[in-house]
Amino acid sequence: MSAKFLLPLSFLVCFFFSGFSQHKPCKKKEFIESLCNSDKLHKAHLLLSNNSLEESYELIENLKLGSEAKLDKDFEALILFLEGELHRRNNSFKKSVETYELSLSKNTTNNDLAFYAYIALGDIYISGIRDFDKVIPYYKKAELLLDKESCPEKQTLLYNALGNINLLSKNYDEAEKYYIKGLELYLNNNKTTQAAINYSNLGNLYFEQYKDAKAEEYFLKAINTFQKKDSTNINVRQQINYNLFAVNEAKGDYKTAIKYLETSNTLKDSIWNRDKVWEIADLGKKLAVEKKNQELQVLEAENKLKSAQRNGILVSALVLLALLGVSIYYYKEKVKTNKIITSQNETLDTLNATKDKLFSIVSHDLRSSVNTLKSSNRALVSNLETKNIEKLDQLLNTNSSIVNGAYNLLDNLLNWAMLQTKQTYFNIEEHRIYMLVEHVVFNYQGLFAEKEIKFENNVSKKDKILADQESLKIIIRNLIDNAIKFTETNDAISVYSKVEDENYIQLIIEDSGLGMSDTTRLELLKETSLLSKKENEQIIGTGLGIQLCKSMIKKNNGKFSIESQLGKGTKMIVSLPKVGENG
């Protein structure tokens, strides 16, 4: 008999716990919120909870520099805890570990905060760094902080985490002990869905030990634990039915195995249908709003037409009073109007040609991305069956890069469309270039580490320019995206500033990547140029990002130039108005 590895359900819900009755906050989110004793702390925690990492990072950095953090060790420990969580969500796992450890070193009184820090450190090593040997010591330190007064949420969170890591480490007796502890707490507090998950975890544990009969017994207990079977627990029930299929297949009871597989597939279809219904409902709302907007536009056009007709009658009356003079006047106006219409038609034709070409290229690249993603997902399914963890990690990183590339392409398309329709508002203000670059680069730390790219921000902290903050971030992001896209492993990217003259400061993004030919460089500098042919067919690119940058640089009263050598790297140079000496 060959056992199949089934992912413990609690990995999917390792931090899922709710509904226990307590007098004081005990859930992680509510507990941290109760410690936030200032508006800035509340806002930083809220932004972090909503995954607004850039804004949260800026607030946390300001709080770290504040005088309160230097005087109050517990306050400083909380700030460091939030920073550790921020780095964890940004996939900067080593930085997150360092920050959590520093938070623990500052914390002298708050055992609850220390408990959640140890849990977070264990979680980083199990799902981020994937060094299983370092997980259990952190969980054990958290266990030492539990006592008889500890709330059930904390206990079940820790017991399930210990059960999971011991199962992965094949410490089956320890895994069983902690799963049972968590199960007893759920049953005592009438938490049926969570109890079902723990029954299923125990079934997985016995299945891993080839104890098929006992595994089936606990999977059946998991199914029978639900007091009601509805959409709130359909995902859990689908997974348990699949587990029962695997057990019966291993036992050779194929008839029963097929029955559970059919139930699992039916539930999977129901989940898909439910999600599609929500998606269609949301689409229906959007279509209704769009239809209403179109009706308003038609009504506005009709009102304009009626107004024009009224004006026409008035003009006709005036023509009767002064036929000769008015006739000459309207003849001249007609000629002038025809010239304007002809000019507008030519402009519209040019814009339509550009739009058609752009959509053709964008759709081709998106289709290529989707096809690549489909192929990668098939390989992902294949490697799941063979438990090839290294290949799975590689495929997941590949999928992430494809999705990020497609997302950036669509984001550029949206910004380009807003520029073309004049919906973008520019607020020219004084800014330090260094801080803007730091904010943008924060989101690329994980990608730099993944591609092993050396990155340096050498922008002078004194240089100040006049620009619109949001559009300048888009410009920097696109130019760094390009640098990463055309840079290979172990290459370097640097950003630095240079005073061009008394009126302008240059922001230079330089890479040691593939570079480009002089023909391509000149093509990119042309107005409204969209590349239809790429020098590297493996890299997605339409030229839209560069055109968006050029338009936004122009709106910011700046200049743009490119220096590059094929095979040696590229410099993207943005010249922006300099703030005066007294500014």
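Do any GluC sites (Glu not before Pro) in the stretch 67-150 lie in a DSSP loop with no more than 14 other beta carbon atoms within 10 Å, and if so, which?
Values: sites: E68, E76, E83, E85, E98, E101, E143, E149; in loops: E149.
Answer by residue number: E149.
Taking K and R as +1 and D and E as -1, what net charge do the other residues with C-beta under 10 Å from the C-beta of E452 add up to?
On the way: positive: K451, K454; negative: E450, E488, D491.
Net charge in that neighbourhood comes out at -1.
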- Message: Once neighbouring chains are kept in place and the probe is 1.4 Å, which whole percent of the accessible area of the stretch 425-577 is contributed by carbon and sulfur?
- Response: 47
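Where both partners of a DSSP beta bridge lie in the stretch 425-577, what percent of those bridges are antiparallel, to the nearest 5? Walk me through the numbers on the way to the answer.
Numbers: 27 of 32 bridges.
Approximately 85 percent, going by the DSSP bridge assignments.
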- Note on the structure: Computed over the stretch 425-577, protein heavy atoms only, probe 1.4 angstrom, the accessible area per residue in square angstrom equals 49
- Task: Please list the non-local residues whose amide H lies under 5 Å from the amide H of S564, H modeled 1.01 Å from N, same-chain partners needing a gap of 5 or more.
- Result: K571
- Message: How charged is the neighbourhood of N427? Take every other residue with its Cβ under 12 Å from the Cβ of N427, and add Lys/Arg as +1 and Asp/Glu as -1.
- Response: -3
- How big is the gap, in Å, between the Cα center of the stretch 468-533 and the Cα center of the stretch 298-322? 53
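The values are calculated or read from the model by the stated rules, or taken from the named source; none is laboratory data. Keep in mind it's a predicted model, so treat the numbers as computed, not measured. Every residue, glycine as well, gets a Cβ built from its backbone with ideal geometry; the counts of neighbours run over all protein chains shown. Surface areas here come from the heavy atoms of the whole protein model, side chains and all, with no ligands, DNA or RNA. Shrake-Rupley method; radii C 1.70, N 1.55, O 1.52, S 1.80 Å.
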